[in-house]
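The structure appears right after this line, and notes come after that.
No value in this document is a laboratory result; all are computed from the given coordinates. Remember, predicted model here, so these are calculated numbers, not experimental data. Positions of Cβ are generated from backbone atoms using ideal geometry, with glycine treated the same way; all protein chains shown enter the neighbour counts.
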Amino acid sequence: MDRGFLLESLRSAIEAIKTNKLRSLLTTLGIIIGVTTVIAVISVISGLKTQVASSFSTLGANVLYVQKYPWVMGGAGIDWWKIRQRKDMGMDEFRALKEYGSSFKYVAPQITYRYDVKVGNKNARGVEVVGTTEHFPEIRDQGVKLGRFLSLDDIRYRRDVCILGQDVVNTLYPDENPIGKQVRIKGRILTVIGILKELGDLMGQSMDNVVVIPYTTMAKFVGHRRSITITVLAQDEEEASEEIRWILRRVRKVKPGEDDDFSINSSGAITKQFNELTRTMFIIMIGIAGISLVVGGIGIMNIMLVSVTERTREIGVRKAIGAKSSEILSQFLLESVMISFVGGIIGIFLGFSLTKLISTIGNMPFGMPIWSIVLGFSFSFFIGVFFGIYPARKAASLSPVEALRYE
Amino acid sequence: MSNLIEMKKVRKTYKLGETEVHALQGVNVSISKGEFISIIGPSGSGKSTLMHIIGCLDVPSVGSYHLQGEDVGKMNGDQLADIRKKFIGFVFQDFYLLPDVTAWYNVALPMIYNRVPPKTRKERAINLLTEVDLSDRINHLPNQLSGGERQRVTIARALSNNPEIILADEPTGNLDSVTGEGVMQIFYKLHEEGKTVIIVTHEHYVADQAERKIQLKDGMIEDGG
Ligand SMILES: Nc1ncnc2c1ncn2[C@@H]1O[C@H](COP(=O)(O)OP(=O)(O)OP(=O)(O)O)[C@@H](O)[C@H]1O
Ligand SMILES: [Mg+2]
């Protein structure tokens, strides 16, 4: 297409939009909402995905968390009531897995409570105190960086020893080596034998605000019993899961045909569940976006029909001075695409801002994939062409004389 | 030598629902290059219809029209547009300038469709405006110009692709007689420069200034065809 003609069409389109600013803006509302939704949904979900993927990788591959509840409640056919009725996970299950399990390398219980951990008048509040066995480091792939971990004897003789996470060290012994020193948990004195390697954050929470003690020691000062987590290091997740189900259904006396009354969680499973959850969300939001884009498109068609009628004389003059039908068509098509594009740009900007806001409030990584912007532009372009073609053809097919005579 | 414009038994019929309106009923016109013609007649006699056909904005329902020996009746829309662009310059009673662009841009508009390079476009538009005595109104918007000035801009626009034929439909219709006289002088000058000028009017004092008058009545030529 000739550059001079293209520039003239652009100028004319801009002029038309400028003379009817409010009308054009209202017209683009549907496009704005549609594109904003598309951008925001894609960006937020992709941000969440990155976060989930990176976070759960710290949980380690091939680690199964056998628990009372699933990590993610979602998807079809979830019976909340039934899940809430489940029996606690206890040491019997741990012992059964340890005794009968053959497809996995290690199994260890994790009994978790939140307590204050104190030294003198220093207090680390709400620390995750984990009672476990000597296999914890292998399963979690998290050893000590200083001192030693729990030994079989520590477990067997219920020794009052503990391993501190880095956050706790920072609070209680900021300037000295804590090994051999003592801490207080619920009035009980424990000797520090090691410091755990740092893990960093998971879903915005520090994984290092932790104290590990023998689960046998924990039993000495924990009153009521609560559901525990049994961690398993599997060779093959599928195979291990099947074996765990087989064992636990017997131990927990689940009748044949009934659903499991426990959950086997893992980073792989959660990613899968998360993807299922986001897919539903995605489809719903794309549906909303699609509807607003179509509504926006119809708005554009309507406004372009008005514009063609208003400018019938102008079309006549342009034809009289030599404009071809195809040139009139391009001119009006360009105008509808431009209106749609303006909506698209505003939508991309709003989508960007919305994503930024959500990621700030939700403390999530901010990520706006380039392809979502490309998608936003393509959508608005496509809508502009699709809904602009009919009015533009109407303009192009006007007979010059009729157009000039139009009052 | 064949004439520039050669119309034979041209009829133009408009259908208005059931009834037919016979705007032209068998018109023969021949005009040679460089003539200064006026088409005169009462309202509704078919003057504008005839002018639209001469200007290739419309085609005859019946009859033949040859422009420079070429049969216009056989041309498609794009070919007609091409003829209008290169051979014909229109001047309308109501000016029909684009309201949101300056005088020079209005004059340059036909050159955009004729793919004239931008620099030449502006230069030529300014020259044309100077020719119609508007060198000090180049950057004015149409609503900042008087009626006579607007009509002179329209004439400059009609000249922008250096057409063979200038067609004006009631060019003085919206102007007072003094201003109208000024506009007529421009047409006379164009005629002297060799252009074929055809002016539609229903005022005799305007028509009398032409070399030849074609008188229309009820879609037929009474005199001067
Ligand atoms: N598009 C049309 N549909 C129906 N009738 C038409 C159409 N265009 C013109 N006419 C009729 O054709 C006849 C000639 O019209 P035309 O415009 O050529 O007259 P005119 O001589 O230019 O008149 P005026 O001096 O008022 O401009 C008129 O009776 C008019 O009503
Ligand atoms: Mg008329």
Legend entry - Cβ charges +1 (Lys, Arg) and -1 (Asp, Glu), total dipole of the protein assembly as shown, debye: 2700 debye
Inset, instruction - Please work out the FRET efficiency for the pair A:TYR113 and A:SER206, using the Cβ-Cβ distance as r and a Förster radius of 25 Å; give the result to the nearest 0.05. - result: 0.90
Legend entry - Pairwise centroid distance, computed over Cα atoms, of region A:355-377 with region A:192-244, Å: 34 Å
Inset, instruction - With label points built 7 Å along Cα→Cβ from the Cα atoms of A:ARG279 and A:GLU258, find their separation and express it in nm. - result: 3.0 nm
Inset, instruction - Would you mind giving the average projected area, over all directions, of the Cα convex hull of chain A in nm² with one decimal? - result: 28.9 nm²
Inset, instruction - Can you grab the distance from the C-alpha centre of region A:152-180 to the C-alpha centre of region B:110-182, Å, no decimals? - result: 94 Å
Legend entry - Least to most buried among B:PHE187, B:PHE95 (fewest other Cβ within 10 Å first): B:PHE95, B:PHE187
Legend entry - Stretchable slack from A:LYS18 to A:ARG393, in nm (0.36 nm times residue separation minus alpha-carbon distance): 132.7 nm
Legend entry - Subset of A:LYS82/A:LYS253; B:LYS33/B:LYS195; B:LYS8/B:LYS195; A:LYS324/A:LYS394; A:LYS122/A:LYS181 violating a 18 Å alpha-carbon distance limit: B:LYS8/B:LYS195
Inset, instruction - Would you work out the relative contact order for region B:5-223, in percent, from Cα pairs under 8 angstrom that are 6 or more residues apart? - result: 31 percent
Legend entry - Within the protein assembly as shown, helix-based [θ] at 222 nm, where runs of 4 or more DSSP H residues each add -39,500 (n - 2.57), nearest 500: -16000 deg cm²/dmol
Legend entry - Amide hydrogen neighbours beyond the local backbone of B:GLY225, cut-off 5 Å, H modeled: B:GLN215
Legend entry - Ranked list, fewest to most other Cβ atoms within 10 Å of each Cβ, for A:ARG250, B:ARG137: A:ARG250, B:ARG137
Inset, instruction - Given the options A:TYR157, A:TYR115, A:TYR215, state which has the largest fluctuation in a GNM of chain A using a 10 Å cut-off (strictly under) for Cα springs. - result: A:TYR157
Legend entry - Estimated vicinal HN-Hα couplings, Hz - region A:21-35 in sequence order (Karplus 6.51, -1.76, 1.60; Gly, Pro = x): 3, 5, 4, 5, 5, 4, 4, 7, 3, x, 4, 4, 4, x, 5
Legend entry - Packing-based exposure ordering (other Cβ within 10 Å, fewest first) of A:LYS253, B:LYS195, A:LYS272: A:LYS253, A:LYS272, B:LYS195
Legend entry - Tensor-based shape of region B:156-225 (alpha-carbon gyration tensor, a/c under 1.5 rounded, otherwise prolate or oblate): oblate
Legend entry - Cross-link table A:LYS18/B:LYS119; B:LYS12/B:LYS213; A:LYS21/A:LYS319, entries beyond 25 Å C-alpha to C-alpha: A:LYS18/B:LYS119; A:LYS21/A:LYS319
